[in-house]
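Here is the structure we will look at, set down as structure tokens.
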Amino acid sequence: MEKAKTGKTSLQKRSRKITAVAVVVSVILLAGGSLIHVLLQDILESTTDSRIRMAAAEYKSNLLRLVENDIQILQTLESFWEERDIVDEEELAGKLREVTEKNDFPGMAYFGKDVGILIAAGKENETGVSYETLPEPMQEALARAGEGETAISDIYDSENMGREIFVVCVPVTVDGELRGVLAAADLASRVGELFSEQFIPNGYSYVHLIGNDGMFRVRSRESSIPEDMEDIFSSPNLTDRVKESIRAVMEEEESGMFMFRRGNTRYKLFLEPVGLNGWYLLCVNPLKEVVGSIYWIITGTQAVFILILAFCLLVIVSGFRLLRNNNRQLIQAAYVDPLTESCNLPGFTKKMEEACGRNEEFSVAVLNIYQFKFINEIFGRQQADQLLRYIGGLLGKELAPEEFYGRATGDFFYLFLMSTDRREIEERIHKIMRRIKDAPFLQRSSYHILFYCGVTGTQGQERNGDLSSRMMTQVMFALDKAGETHQDNVWFYDIQLHEKEKRENYIESHMHQALENGEFRLYLQPKINLKDGSLAGAEALVRWITDEGKMMFPNDFIPLFEKNGFCTRLDMYVMECACRHIHHWMECGIRPVPISVNQSRLLFYEADYPERLKELVDRYEIPAGLITLEILEGLAIGNVEEMNERISLLQKAGFRISMDDFGAGYSSLNVMGALKIDELKLDRAFLMEVSQGNNLRQKAVMEMVIALTRRLRIATVAEGVETKEDEALIRELGCDAGQGYYYSRPVSAEEFDGRFIGAGL
Ligand code: C2E
Ligand code: MG
Ligand code: MG
């Protein structure tokens, strides 16, 4: 399970790593691609802009040159006045006709004080023309020239000439005195011709002349701007923002570059102030035509790059998808039992952990078949698998929607049940067991299938991080217990019982080492002579002090040692400790007191027991009479004779025999009377009843027992003397000795020596 978990985590880690790499690569590719795209776009734009600006500058200078040329012709003519004041209208008209024809002007004019001459190509000279009859743009230019400056009219449709023209006017001054205004008309079409020249290498530029009102003055012949569009502000392709910016640029008489779209084509719009009449050169060009082949190179590069990028992304995305699916399949495989298609153990544990996280109350059960291996053997693997699938299917039907099950290896079915009620769970599991037995495959054979099931619930459990794994361990313990009986069995895990078992397990697995390490220590409790209060002897009581310093009492381990037989070894060990201690007293020149040593049933009946005891006392050179063997009354039940034989054998060897715990159970005066013991130890319970409850009947029994022992020459020791009153009572009853906390608790042999044997040791 752990392995699967690790496998899954490593898969997830790998998947995360791959995702991260894919994301990083994609981001780098996208960032790189965007950067290159932006750079290429920038190159394209700046190349376009600079070409348009350059072309616009050329157009502008050509236009200015055209106007300048007209002005120069007029200024040359004006210089005649300096030489000679021309006053004769006829002469002046002739002169103007001459200049008109020579320079291909569509017409010329002179207006002075009382003089108004109009010359039009292919028409009669007109003299005496009145200023007011002239078209408005011409009037306005003449008026400006009349102020003494060179002026150019706006372009207008001349009725007289039947063409679109503009008029260039220069003032005529003689000796600083204004005499009149000389004007020459020029064709707007000549400007148009200028605009048809191309200044962009390998590309096209379309230029127009517009006024600062946005109205078209001269249109490029090549341009695709529709004829009916009178001003640029009425263009549906320009956004309001662009129009707004154009207005702002025109207000400041600055140049400006704009971008707009028509259909799928991107256009550049450039405005360059001409510096005359508020005219602007308007260059409108489709981007790709301005830069010609460069556009295609750049867009081609971009397209190729986008294709490569798209391909890379496609490879990354599909590779990533493939890997993710792979991982998903692997994770699925890590969590699904292929046989039943339910969870496998890691899958079940995972779901259970999620339930623990939700703080739900639930139970986990493990259902198992008795001796499943025989089903495999008798019916064959295929049939056995069929049975497992049948069980899986049945569990799927029997469990509630929020419940689930999983199968670990073999016939281990894990059930997650949303209940902690023992009776309900037991009933449900027994029902499941019955229904499995109805399986057609089992019905056909005479094989009697049996189940056992362990259960543990969340009730009373500590809710910490390891609840799930703890419950999985507990449920296996419960399953083991359930498997101890040979019937359909459901066993619930019991925390207290388990603690006891755990302790016993610790004891059993450590006892041998503990004996070798000397962890079992000799403790002594004094027996006090009730006649004179002197020390009558001591009882050896063993203590287990573990290597961690924890003290364990005999009741924790003696019953277990009696079951597993270790008691015989321990008793001999304690016996040896007692012998060694008496030897030690004797060596120190102290008068030794007898030590009583508790003997277990098993040891007492061991064949070589008397010899081994004898060998011990001999080895330590102590009189056997200093050792009292405390045996239990129960030993004699049913075999008083055999017991008496053993007793007399031991007595012959010199040992004293004491019967322990008399009155604790169903003690029998008969048995006591029949056994040839030397001492009788009245159990603590005896004394407790007589002293506490004023139980006169018990007191009478006790008196009788003591009287009987006296007659049989058996000494009596009362156990559990805890108070002065207890002591007074047992003295009154005629006991010989007393033992209990009133005198001392069992203490280590060293402490005992210090307190009871004398400071001489
Ligand atoms: P036991 O032989 O009847 O020992 C007397 C028990 O009563 C001791 O408990 C002692 O500590 C306790 N006790 C003595 N005076 C008083 C008192 O005034 N009040 C109370 N409440 N208790 C008193 P311990 O040492 O826990 O031993 C329990 C039992 O374990 C012994 O009962 C004996 O049957 C057995 N045991 C002790 N050591 C050994 C051993 O080395 N071998 C075997 N086989 N059994 C032993
Ligand atoms: Mg005892
Ligand atoms: Mg006792």
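The values are calculated or read from the model by the stated rules, or taken from the named source; none is laboratory data. Computed from a predicted structure; not experimentally measured. So basically every Cβ, Gly included, is an ideal-geometry build from the backbone, and we count neighbours across all protein chains shown. For accessibility, only protein heavy atoms count, side chains too; no ligands or nucleic acids. Shrake-Rupley method; radii C 1.70, N 1.55, O 1.52, S 1.80 Å.
Observations, loosely collected:
- Which numbered condition Tyr295 misses (of (1) modelled with pLDDT of 80 or more; (2) in a helix (DSSP H, G or I)): (1)
- Selection of the range 667-697 for residues being of a type outside the set (D, E, K, R), open to solvent by 50 Å² or more (accessible area, probe 1.4 Å) and within 16 Å of ligand 3 (Cβ to nearest atom) yields only Met688.
- Any hit, the range 742-751, residues being more than 16 Å from ligand 3 (Cβ to nearest atom), open to solvent by 70 Å² or more (accessible area, probe 1.4 Å), among the charged types (D, E, K, R) and farther than 18 Å from Ala540 by Cβ: no
- With respect to (1) open to solvent by 10 Å² or more (accessible area, probe 1.4 Å); (2) within 15 Å of ligand 3 (Cβ to nearest atom), the lone exception for Leu524 is condition (1).
- Residues in the range 723-747 that are touching a Lys or Arg at 6+ places or on another chain (Cβ under 9 Å) and either of a type in the set (Gly, Ala, Ser) or closer than 17 Å to Met704 by Cα (or both): Leu729, Arg731, Leu733, Gly734, Asp736, Ala737, Gly738, Gly740, Ser744.
- Pair list, Cβ < 6 Å and 6+ apart or interchain, from the range 644-670 residues that are over 28 Å from Leu687 (Cα atoms) to residues that are away from ligand 2 (no atom under 16 Å from the Cβ) and among the basic types (Lys, Arg): Ala653/Lys614
- Sole residue being open to solvent by 10 Å² or more (accessible area, probe 1.4 Å) and farther than 25 Å from Pro346 by Cβ, chosen from Arg422, Arg381, Arg470: Arg422
- Note on the range 515-563: among residues that are part of a strand (DSSP E or B) and among the small types (Gly, Ala, Ser), the one that is farthest from ligand 2 (Cβ to nearest atom) is Ala536.
- If you go through the range 731-754 and keep only what is more than 15 Å from ligand 1 (Cβ to nearest atom) and either closer than 15 Å to His581 by Cα or without any contact (Cβ under 8 Å) to a residue 60 or more places away in the chain (or both), you end up with Glu732, Leu733, Gly734, Glu750, Asp753, Gly754.
- Ile590 vs. criteria away from ligand 1 (no atom under 12 Å from the Cβ) and buried (at least 20 other Cβ atoms within 10 Å of the Cβ): no
- Pairs linking a residue in the range 383-405 that is of a type in the set (D, E, K, R) to a residue that is open to solvent by less than 10 Å² (accessible area, probe 1.4 Å) and part of a helix (DSSP H, G or I), with Cβ atoms under 7 Å and 6 or more positions apart or on different chains, are Glu398/Ile432.
- Top-ranked residue in the range 698-730 [being within 16 Å of ligand 1 (Cβ to nearest atom) and part of a helix (DSSP H, G or I); ranked as surrounded by the fewest Cβ atoms within 10 Å (Cβ to Cβ)]: Lys724
- Residue that is farthest from Ile528 (Cα to Cα) [pool: residues in the range 539-571 that are among the charged types (D, E, K, R) and open to solvent by less than 30 Å² (accessible area, probe 1.4 Å)]: Asp571
- Qualifying positions in the range 593-620 - open to solvent by 70 Å² or more (accessible area, probe 1.4 Å), more than 16 Å from ligand 3 (Cβ to nearest atom) and not acidic (Asp, Glu): Leu602, Tyr605, Ala607, Arg612, Lys614, Arg619
- Total residues in the range 48-74, condition under 60 Å from the mean Cα position of the chain (by Cα) and open to solvent by 30 Å² or more (accessible area, probe 1.4 Å): 4
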